[in-house]
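First up is the structure itself, then whatever we jot down about it.
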Amino acid sequence: MDKTKSEFQLGKVLSISGGHFAHDIFASFLATFLPLLINKFGLSMALAGSFTFFFRIPSLLNPLFGIISDRCNIYYLAIWAPALTGIAMSLLGVAHSYAMVCVLLLTAGTSAAIFHVIAPVMITRVSGVKIGFGMSLWQTGGELARTFGPLFAVWTVSILGFDGSYPVMILGIFASVFLYIKLKDVNFVNVSGRKNENAGLLQIWRSIDHVMIPLTGIMIFSTFMGGILVAFLPTYLVAEGNSLLFGGAGLAVLELSGAIGALLGGTISDKIGRKNILLIAIPCSSILMLALIYAPRWATMPVLVLLGCILFSTTAVKLAIVQENSRDCRGAANGLYMGISFLVTALVVFFVGWLADIIGLKMAFIVSALLGMIGTPIVFFLPKNSKV
């Protein structure tokens with residue numbers, strides 16, 4: 001047995017996770033830049049909302065990117081993704097038209113989709129038998145980026161101005177050069193040991209549907225908590241009479257504590273099992289979301305700390321489950337998972353937004369917290385093996 005396939009290569013895991021942090025810093029620029037783009041081009045809210053669509057639509061191609069990565073050496077695309085995403089997002093300030101912004105966002109979105117499909121497979125390759133720990137470090141990089149990315153974007157605009165913010169792209173370029181230097185000697189091709197060249201998407205789905213079907217169910221009901229909080233938490237806190245600053249701080253606390261949870265979740269699951277983490281985290285998250293709704297103002301931040309830690313502890317665990325149960329098609333499996341995640345998040349957030357228009361945001365949060373609990377019994381339908 002190749003020793004490098006079983007040992008945990010900390011330096012390379014940290015390098016890829018650091019690349020995740022650098023990449024998602026730039027990916028988080030859009031929310032901060034959106035008001036500036038609206039003012040610059042005099043956009044309606046509908047056109048402004050289309051920017052998110054253009055950035056996210058390449059995610060529908062995630063299964064295709066995954067299949068290609070199982071058959072061809074495109075891992076270098078993930079290595080250079082932080083540079084490409086950084087360049088595209090940094091140029092938003094100098095875009096001269098709505099169409100140019102859309103092209104830049106499509107470019108960044110495609111780069112981001114490829115990166116998030118391929119990089120977790122790379123993490124698996126250098127994590128040995130500690131896939132949960134590797135995924136925890138990977139997910140922590142992303143959570144930290146979503147915490148500090150908007151702050152970095154605001155600092156960039158305040159120092160350089162919106163039109164002059166493009167020089168920060170050098171950080172993304174530096175991150176990719178660093179990844180290339182650190183990972184150029186690693187063979188990421190054919191991680192599973194077989195190329196699975198003749199398998200189509202339907203065949204691949206059939207080979208992993210025993211894990212993807214229950215995992216999709218868990219994902220749907222978990223999104224009623226995680227996806228809704230990320231999308232609507234500041235709006236909810238402001239609607240409850242708090243300041244916009246308090247609302248933004250609440251989201252930052254949730255994301256930062258989520259980074260801690262992501263680090264702990266996969267790591268602990270290596271020791272006590274993936275299912276056990278899910279069985280603990282899902283119901284506790286539901287209870288804490290209800291506690292957030294009924295807690296007095298002084299308790300909001302402490303509850304958000306606990307909620308973030310526990311709720312986002314499952315993200316690395318679910319990624320580890322996908323990788324461990326798809327040894328012959330890890331890229332395609334991760335692509336399917338990411339594609340499903342994109343659709344589920346979009347649909348659930350839209351549904352809760354529609355529900356909030358009818359019964360109010362607070363009641364919609366209560367319904368979401370209760371629906372989140374339904375994910376608990378679905379955990380028992382995950383396959384039984386030593387790791388799960």
- For the pair residue 73 and residue 245, how long in nm is the line joining their label points, each one 7 Å along Cα→Cβ? 5.5
- Query: What's the longest bit of the chain with no exposed GluC sites (Glu not before Pro), using DSSP loop states and at most 13 other Cβ atoms within 10 Å as the test?
  - Reply: 198-388
- Let me see the pair-distance distribution of region 40-133: every alpha carbon pair, 10 Å bin width, integer percents in order. 16, 39, 27, 13, 4, 0
- Report the semi-axes of the equivalent ellipsoid for region 204-388 in whole Å, largest first, where each axis is √(5λ) for an eigenvalue λ of the Cα gyration tensor. 30, 18, 13
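Report Rg/Rh for the chain, rounded to two decimals, where Rg is the Cα radius of gyration and Rh the Kirkwood radius. Don't skip to the end; give the middle numbers.
Values: Rg = 20.2 Å, Rh = 21.2 Å.
When Rh is taken as the Kirkwood radius, the ratio is 0.95.
Helix-derived [θ] at 222 nm for the chain: sum -39500 (n - 2.57) over DSSP H runs of at least 4, divide by residue count, nearest 500? Before the final figure, lay out the partial values.
Details: 19 runs with 304 residues, N = 388.
My calculation for the chain gives -26000 deg cm²/dmol from helical runs alone.
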- Message: Test of understanding: what is the full-extension gain from residue 295 to residue 170, defined as 0.36 nm times their sequence separation minus their Cα-Cα distance?
- Response: 40.6 nm
- Projected area averaged over all directions for the convex hull of the alpha carbon atoms of region 281-333, nm², comes out at 4.2
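Divide, for region 1-185, the radius of gyration over alpha carbons by 2.2 N^0.38 Å, where N is the residue count.
That works out to 1.07 for region 1-185.
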- Item | Among the listed pairs 182/384; 40/362; 130/275; 271/384; 130/184, those beyond 27 Å (Cα-Cα) | 182/384; 40/362
- Cα-only Rg/Rh for region 317-388 with Kirkwood Rh rounds to 1.10
- Taking the simple approach of a point 7 Å from Cα along Cα-to-Cβ for both residue 354 and residue 106, what is their distance in nm? 2.8
- Listing 329, 102 by rising number of other beta-carbon atoms within 10 angstrom, fewest first, gives 102, 329
- Query: Based on the Cβ-Cβ distance of residue 384 and residue 14, what FRET efficiency does E = 1/(1 + (r/R0)^6) give at R0 = 22 Å, to the nearest 0.05?
  - Reply: 0.10
- Query: Once the dipole of the chain is set up with Lys and Arg at +1 and Asp and Glu at -1 on Cβ about the Cα centre, which of 289, 159, 75 lies farthest towards its positive end?
  - Reply: 75
- Quick calc, residue 47 & residue 271: beta-carbon distance into FRET formula, R0 45 Å, rounding 0.05, result 0.35
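None of the figures in this text is laboratory data; all of them are computed from the coordinates on show. Worth saying up front: this structure is predicted, and the values here are computed from it rather than measured. Neighbour counts run over all protein chains shown; Cβ positions are idealised from the backbone, glycine included.
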